Amino acid sequence: MPIVLSGDWNGSKRGHVFKFLRSQGFESTYDTAHQYTDADAHKWVSHRNHRGDICGVDFIWLCNPNKSRKPLKTSWCEAVFGILRLRKASMAENDAFAFLKGDGRGDFITSSAICEALQQVNLIGHPRGLGFQETRDLWIQADADANGVLDYKEFKNRILGLTASEDKESLNGSREESKRGTQDALGFNVKNAVLYPREAEKGIWPEDYTLSDHAPLSVVLSPERMWCCKS
């Protein structure tokens, strides 16, 4: 099934959220409709913040079935690790490793230390936080060799980002997947996308626009049949 995400994102095309969603196969429908690249961030705006700055931060995202995407559990775990990186973005690698290691002895991270770190950034410990099974899945994803601890190398590879060799394995996996065959699926084609007021499409915020500090984005999608890999 195609996936459409919309909302008040408050994150620019240079931000971590934008880059993460792109890595999962999502596309910015407005940029698709206008054939803009990531380098065209200055060509449109959608928000004027409390400092008076204008920026493009609102998106309607689309992910069609034929876009290469990692398994949902892998994608979800990467999102949680991404939140950890965002919350501690000002930290150097060594400091981030020390934060996750906590007060534990030895030069490694344990599952209990990860839980403490998640609690410090408010991802667990409240009714809407991560549950036991979700936290366990997160640890399994991080502890690739299943030895019960994360050393510094695993920390860099599994939490700070994938290594080049893992990217190559993922690519090879996608190729193997494509060899298994294709199936007919329903997706969406981006027909049009507009911002109001129209000056926002030129990167200009009109001084007489007082309806909101956001310029509403409207997108027209049409269903279409597409071929995608079947597992």
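Can you tell me which residues in segment 131-174 are assigned to a loop (DSSP other than H, G, I, E, B) and at pLDDT below 85?
So the first thing to find is which residues in segment 131-174 are assigned to a loop (DSSP other than H, G, I, E, B), and the list is 131, 143-149, 151, 161-163.
Selection gives Ala144, Gly161, Leu162, Thr163.
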>> Quick check on Leu5: is it under 21 Å from Ile83 (Cβ atoms), in a strand (DSSP E or B) and free of Cβ contacts under 8 Å to residues at least 60 places away in the same chain?
In response: yes
> Among (1) under 30 Å from Asp184 (Cα atoms); (2) in contact with an Asp or Glu (Cβ under 9 Å, 6 or more places away or on another chain); (3) not in a helix (DSSP H, G or I), which single condition is Gly25 missing?
Replying inline: (2)
> What are the pairs, 6+ residues apart or on separate chains, where a residue within segment 42-63 that is more than 16 Å from Asp8 (Cβ to Cβ) has its Cβ under 6 Å from a residue that is crowded, with 22+ Cβ neighbours inside 10 Å?
Replying inline: Trp44/Gly56; Leu62/Thr29
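The values are calculated or read from the model by the stated rules, or taken from the named source; none is laboratory data. Model, not experiment: these values are computed from the prediction. With ideal geometry, Cβ positions are generated from the backbone for all residues, glycine too; neighbour counts draw on all protein chains shown.
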